[in-house]
Amino acid sequence: MKKVDGEFIKGRIAPCGLHCGKCFAFADGDISYHSGELKKALGNFDVYAQRFVEMLDEPVFAKYPDFKEFLNHLSVATCQGCRKEKCKLFKTCNVRVCSEEKQVDYCFQCSHFPCENTGFDEHLYKRFVAINRRMQEIGIEKYYEEVKDLPRY
């Protein structure tokens, strides 16, 4: 198992504890990478998808243009992560600015954790608290090892 350093982990795990590297908007993330690879693997599939509707009597292939548009969107992610820019996913997120003001890398390191200043909805807030408690319990490196291969969604 390759050991990753704290700076790499900070580039992947946001101050709130969410795994930016697993987000669809993250430029250097799994979803963007695999979407690009799938685009390459499919090549000129448009032509065949149209033909397969009739040849194989499979109407699902008629949906390929919508799938391709979505795949293209996923493959051109531009977010550099919450530590480098404002979150593109949660427009009301206050965590990045707050963590910078409080000079903490992760919310659980703050004496005010858990606070109500996140800007998250109820569902995300509960997840945020659970994630930060887990990081506090086992440490950042172990937490990263737990989640690095799990889907974010």
**Asked** Do we have GLY139 as buried (at least 16 other Cβ atoms within 10 Å of the Cβ) and on the phi > 0 side of the Ramachandran plot here?
**Response** no
Among residues of the stretch 128-153 being under 17 Å from the mean Cα position of the chain (by Cα) and part of a loop (DSSP other than H, G, I, E, B), the residue farthest from ASP5 (Cα to Cα) is TYR153
Considering residues that are in contact (Cβ under 8 Å) with a residue 12 or more places away in the chain, of a type in the set (S, T, N, Q) and surrounded by fewer than 19 Cβ atoms within 10 Å (Cβ to Cβ), the number found within the stretch 80-108 is 3
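Within the stretch 20-40, track down each residue that is part of a helix (DSSP H, G or I), acidic (Asp, Glu) and under 13 Å from the mean Cα position of the chain (by Cα).
Filtering the stretch 20-40 for residues part of a helix (DSSP H, G or I) gives 20-22, 30-40.
Now narrow it down to the ones that are acidic (Asp, Glu): 30, 37.
If the condition is that a residue be part of a helix (DSSP H, G or I), acidic (Asp, Glu) and under 13 Å from the mean Cα position of the chain (by Cα), then ASP30 is the only one that fits.
Select from the stretch 12-46 the residues that are of a type in the set (A, V, I, L, M) and more than 30 Å from PHE128 (Cα to Cα) and write down the one among them that is surrounded by the fewest Cβ atoms within 10 Å (Cβ to Cβ). Don't jump to the end; show me each part of the working.
So in the stretch 12-46, the residues of a type in the set (A, V, I, L, M) come out as 13-14, 18, 25, 27, 31, 38, 41-42.
If we keep only those that are more than 30 Å from PHE128 (Cα to Cα) too, we end up with 38, 41-42.
Values: LEU38: 13, ALA41: 8, LEU42: 15.
This residue is ALA41.
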Note: among PHE120, PHE108, PHE90, just one is part of a helix (DSSP H, G or I), among the aromatic types (Phe, Trp, Tyr) and out of contact with any strand residue (DSSP E or B) (no Cβ under 6 Å at 6 or more places or on another chain), namely PHE108
Going through the stretch 125-136 in order, the residues found to be under 18 Å from CYS87 (Cα atoms) and either surrounded by fewer than 16 Cβ atoms within 10 Å (Cβ to Cβ) or of a type in the set (Gly, Ala, Ser) (or both) are TYR125, ARG127
**Item:** Test: ARG83 is closer than 17 Å to GLY17 by Cα and part of a loop (DSSP other than H, G, I, E, B)
**Value:** yes
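Test ASP66 against the criterion of being of a type outside the set (A, V, I, L, M, F, W, C), farther than 19 Å from TYR125 by Cβ, out of contact with any strand residue (DSSP E or B) (no Cβ under 7 Å at 6 or more places or on another chain) and assigned to a loop (DSSP other than H, G, I, E, B), and give yes or no.
Values: of a type outside the set (A, V, I, L, M, F, W, C): yes; farther than 19 Å from TYR125 by Cβ: yes; out of contact with any strand residue (DSSP E or B) (no Cβ under 7 Å at 6 or more places or on another chain): yes; assigned to a loop (DSSP other than H, G, I, E, B): no.
For ASP66, the condition - of a type outside the set (A, V, I, L, M, F, W, C), farther than 19 Å from TYR125 by Cβ, out of contact with any strand residue (DSSP E or B) (no Cβ under 7 Å at 6 or more places or on another chain) and assigned to a loop (DSSP other than H, G, I, E, B) - is not met.
Where a number appears in this text, it was derived from the coordinates with a stated rule and is not lab data. Please read all numbers here as calculations on a predicted model, not as lab measurements. Cβ sites come from the backbone with ideal geometry, for glycine too, and all protein chains shown count toward neighbours.
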